[in-house]
């Protein structure tokens, strides 16, 4: 357990740091970790950017390779599945496009959570930084990737001459809720994976199944009598509060209620977990 | 949990009270979820095995107190717990029991190349490295001219650092690491390397750097360095403080014991 009193980085202030042993829930420490992490935004914004740039260094398109490969996938799958399901393409392709963009972000929170702390071992073992810095860094880079991919959405809007209208603005709070949940879950997965090294593999395979079970490549209307498959799928509701507004319709009250419940449960469980095991992370990595 | 109020007079202080640190050994199998789940589910006998996890006690009941002006050498054989002690002081490992409290900005100089990204240019690396050390963007820009001047790298700072020779890299990391005055300086071995011209300059700089620090803790195997820089010494043995006192008496006792075991 640790206690940081006034751990500012000003010259006139003298940062004070108290770490103490013991087990139990250190909520105060957890909160100050999250808060101190936020104040270090210049650091994680830079680290997050570098993470993205590093992958596409010296390539001509740079991070827009993400966009290019995503665009190819949206077009190919859009045409194929519109044929298979016998649905009009101007209806199906925008649906698939938004679904894939949002799913891409949600799944990366789950998959990359596995290396959140183990991948930052050199930092964790050499200097004390708030652990939330690594969470913000990863969430930020996922947001940047989504922003790059969003070009495809605008392209689709133009091509099919769709205009979602003002309701599209509702996607912004929806996106924030996804980010919040994603950050919480990535923190949780990061901690568990640091301790148990098989977890990332487990999550990889689960994510693949979730992708097929969630209405992304198929419309939820196809479920007919089996609507529970979507109703009890948290990913469906998270997806829906962003996808519906971007396609010009209002998400159902059911989806909002479900997302609020998910967020609450997520925050409480991950918060408690972080408060209890935060100080063990450096021992685990 | 109670707030541990440390003196607000503005003195640099570092104290450890009854600090213990132990590392559970997670090797291959014992670390996996499978084992844990199986232990949970398969009766008492195995479960008691799981709870009797092997741990290495890296620090045992260490109590130390340092004040402004303390220059402390940390000596001991390999595996005595020197690095763990430094990391615990830096807040990297939070103790399993006991309290570590410090007041003042800590600069852990364990790996000065931490955070260097080969693909970005010298200037960006200086900024990144400064941010990691806890400087604000403005503080970095204020020191930029000084850092650039010290590295003598000139136009090389505009190209990615992966093209640098190791000596050039040392100049860069060294300049950033020593660009601000920490209150508490923790060093794992003395960090000066480079060509002869740079060496003299670096030596000079680090002298100024160390002198500005309120507290210096230096883990080193070189008794000459320890005598040159420190006025106190801690002799660690198997995770415990064997002796803490004036540099000469501790070093003499240490060298005597070492030579006794060697012969």
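Show log10 I(q)/I(0) for the range A:41-180 at q = 0.09, 0.12, 0.14 Å⁻¹, two decimals, from a solvent-free Debye sum over equal Cα scatterers.
With one equal scatterer per Cα and no solvent, log10 I(q)/I(0) is -0.35, -0.59, -0.76.
Can you figure out the FRET efficiency of residue A:158 with residue A:122, using R₀ = 45 Å and their beta-carbon distance, to the nearest 0.05?
Numbers: r = 45 Å, r/R0 = 1.00.
After rounding to 0.05, the efficiency reads 0.50.
With the contact rule set at Cα under 8 Å and sequence spacing of 6 or more, what percent relative contact order holds for chain A?
Values: 326 pairs, mean separation 73.0, N = 285.
Normalised by residue count, the contact order of chain A is 26 percent.
By what distance, in whole Å, do the Cα atoms of the protein assembly as shown stretch along each of the three principal axes, largest value first?
88, 67, 46
Of the DSSP beta bridges with both residues in the protein assembly as shown, give the percent that are antiparallel, rounding to the nearest 5. Walk me through the numbers before you get to the answer.
Values: 31 of 48 bridges.
Antiparallel bridges: around 65 percent, rounded to the nearest 5.
Note down the Stokes-Einstein diffusion coefficient of the range B:150-211 in µm²/s, whole number, using a Kirkwood radius over alpha carbon pairs, 37 °C, and 0.692 mPa s.
Numbers: Rh = 12.5 Å.
It comes out at roughly 263 µm²/s.
Under a plain spin-label model, where a point goes 7 Å from the Cα along Cα-to-Cβ, how far apart in nm are residue A:221 and residue B:225?
Result: 7.3 nm between the two label points.
Please find the FRET efficiency linking residue A:57 to residue A:89, where r is the Cβ-Cβ separation and R0 is fixed at 45 Å, and quote it to the nearest 0.05. Could the numbers behind the result be given before it?
Details: r = 37 Å, r/R0 = 0.82.
Once the sixth-power term is evaluated, E becomes 0.75.
Sum -39500 (n - 2.57) across every DSSP H segment of at least 4 residues in the protein assembly as shown, then divide by the residue count to get the 222 nm mean residue ellipticity, nearest 500.
Mean residue ellipticity at 222 nm (helix-derived): -17500 deg cm²/dmol.
Report the calculated FRET efficiency for residue A:206 and residue A:147 (r = Cβ-Cβ distance, R0 = 22 Å), to the nearest 0.05. Before the final figure, lay out the partial values.
Values: r = 27 Å, r/R0 = 1.23.
Using R0 = 22 Å, I get an efficiency of 0.25.
Taking the simple approach of a point 7 Å from Cα along Cα-to-Cβ for both residue B:23 and residue B:166, what is their distance in nm?
Taking the two extended label points, one gets 2.5 nm.
For the range A:135-238, what does the convex hull of the Cα positions come to per residue, in cubic angstrom? Before the final figure, lay out each step's value.
On the way: hull volume 14.1 nm³, N = 104.
Given the Cα convex hull of the range A:135-238, per-residue volume reads 136 Å³.
Given 37 °C and 0.692 mPa s, how large is the Stokes-Einstein diffusion coefficient of the range A:202-261 in µm²/s, with Rh as the Kirkwood radius over Cα pairs?
Using the Kirkwood radius from Cα pairs, D works out to 270 µm²/s.
When the gyration tensor of the range B:109-181 is built from Cα positions, what are the square roots of 5 times its three eigenvalues, in whole Å, from largest to smallest? Let's see the in-between values first.
Working: eigenvalues 57, 34, 26 Å².
So the equivalent ellipsoid measures 17, 13, 11 Å along its semi-axes.
For a label point 7 Å from the Cα of residue A:167 along Cα→C-beta, name the residues of the range A:95-116 whose backbone N is under 17 Å from it.
Only A:95-96, A:98-99 pass the distance filter.
Can you pull the Rg over Rh of the range A:49-117, Cα-only, Kirkwood?
1.09
When 1/r is averaged over all different Cα pairs and the result inverted, which Kirkwood radius in Å belongs to the range A:27-284? Numbers along the way, then the final one.
Details: mean 1/r = 0.0515 Å⁻¹.
Taking every pair of different Cα atoms in the range A:27-284, averaging 1/r and inverting gives 19.4 Å.
Once label points are set 7 Å from the Cα along Cα→Cβ at both residue A:76 and residue B:155, what is their separation, rounded to one decimal in nm?
It works out to 4.6 nm between the two label points.
In whole angstrom, note down how far apart the Cα centers of the range A:167-187 and the range B:97-150 are.
Measuring centre to centre over Cα atoms gives 33 Å.
Subtracting the Cα-Cα distance from 0.36 nm times the residue separation, let me have the gained length for residue B:258 to residue B:203 in nm, one decimal.
Values: separation 55, 0.36 × 55 = 19.80 nm, distance 2.94 nm.
Residue separation times 0.36 nm, minus the Cα-Cα distance, leaves 16.9 nm.
Whole angstrom only: what separates the Cα centroid of the range B:236-263 from the Cα centroid of the range A:93-141?
After rounding, the separation between the Cα centres reads 48 Å.
Taken together, the values in this text are just the output of simple stated rules run on the coordinates, not laboratory data. Bear in mind that the values here come from a model prediction, so they are computed numbers and not experimental data. Because the Cβ atoms are built from the backbone with ideal geometry, glycine has one as well, and the counts that use them run over all protein chains shown.
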